[in-house]
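The structure appears below as structure tokens.
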Protein chains: 2
Amino acid sequence: MTKHDPKLSQLFHALADPTRRSIMTRLAETPARVTDLAGPTGLRLPTVMRHLSVLEDAGLITTSKDGRIRTCTIVPEALDPMQTWLDEQRSIWESRLDRFDDYVMKIMKEREK
Amino acid sequence: MTKHDPKLSQLFHALADPTRRSIMTRLAETPARVTDLAGPTGLRLPTVMRHLSVLEDAGLITTSKDGRIRTCTIVPEALDPMQTWLDEQRSIWESRLDRFDDYVMKIMKEREK
DNA sequence: TATATAGTTAGCAACATGACTAAGCATGAT
DNA sequence: ATCATGCTTAGTCATGTTGCTAACTATATA
């Protein structure tokens, strides 16, 4: 399972940048224009544009243009694969603990003899 | 909050690579030697070493050397900040939905007049 | 129509990343 | 002591990422 999974890589990569995470947090509040998003970052517009297209390619936001204004909106479900990966990891880890418990139980029973 | 948060960036970056994720999944099962980890990847040892040090720098694994064998072990708690970030995002998103509900309620009441 | 606003495109520079090979250094087995 | 094993270091190379400026397009607004 999860042979290639480029979608997950894209997701993690998109969120590995603090600027992009702050954009995500801002957009979690409410949709915003490109210029609104650029403001707090202190970065130039083309730079912010690039960050936005990384987020959009990863499916984390959608954008639409009305007149000369582009509005960005988050896509909350886009985070689901990440949560799923986390849960899978935890699940494997926990079954490992279970196996360890089994092992300990076995040893204990051995000693009871 | 989360002004810089380089730890989170490091975490996300470390997990953005499929090789590193597969190593994590493998290590969730049980600790392993460097060579054991290299095998399935088809990559050369120095390359795998680099991946391992990225994971170790991110705090996702620890390693220890016994004789000439280095054993790698996952640090499950290292994923906590990621889960926390996800929860924070969701929380902001949900309170936004609440505010939207409030807004809708307000409109509805306006209409009742 | 002229001007400001909002975004876009192109291209550049600096640095980071992920792969490799070649060579080295301990440790364990013969 | 010699050789194989397991890892480590150093150095190279191609590509990707993040920032910039400059110049452009398209839409308001005066």
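The values are calculated or read from the model by the stated rules, or taken from the named source; none is laboratory data. Nothing here was measured: the structure is a model prediction, and the numbers come from that model. No Cβ is skipped: glycine too gets one built from the backbone with ideal geometry, and neighbour counts run over all protein chains shown. When the accessible area is computed, the model is the full protein with side chains, heavy atoms only, and any ligands, DNA or RNA have been set aside. Shrake-Rupley method; radii C 1.70, N 1.55, O 1.52, S 1.80 Å.
For the pair A and B, the buried accessible area comes to roughly 2800 Å² in total, with a 1.4 Å probe and the value rounded to the nearest 100.
Sorted shortest first, the distances from the residue B:95 label point to those of the same residue in the other copies are 3.8 nm; each point sits 7 Å from Cα along Cα-to-Cβ. Relative to the other identical copies, residue B:63 shows label-point distances of 4.0 nm, where the label point lies 7 Å from Cα along the Cβ direction and values run shortest first.
Near residue B:55, once Lys and Arg are set to +1 and Asp and Glu to -1 for all other residues with Cβ below 12 Å from its Cβ, the sum equals +1.
The HN-Hα couplings worked out from phi for the stretch A:65-75 by the Karplus form 6.51 cos²θ - 1.76 cosθ + 1.60 (θ = phi - 60°) are 10, 10, x, 9, 9, 9, 9, 9, 9, 6, 10 Hz, whole numbers, x standing for Gly and Pro.
Cα centroid separation, the stretch B:16-72 to the stretch A:20-43: 36 Å. Going by accessible surface with a 1.4 Å probe and the largest first, A:17, B:36 read B:36, A:17. Using a 7 Å offset from Cα along the direction of the beta-carbon, what are the separations from residue A:5 to the same position in each other copy, nm, ascending? Here residue A:5 shows inter-copy label distances of 2.2 nm.
These residues, A:45, B:11, go from largest to smallest accessible area, 1.4 Å probe, as A:45, B:11.
The residue A:94 and residue B:80 beta-carbon pair, evaluated with R₀ = 22 Å, returns a calculated FRET efficiency of approximately 0.90. Across the protein chains, with a 1.4 Å probe defining accessible surface, the residues A:90, B:20 rank A:90, B:20 from largest area downward.
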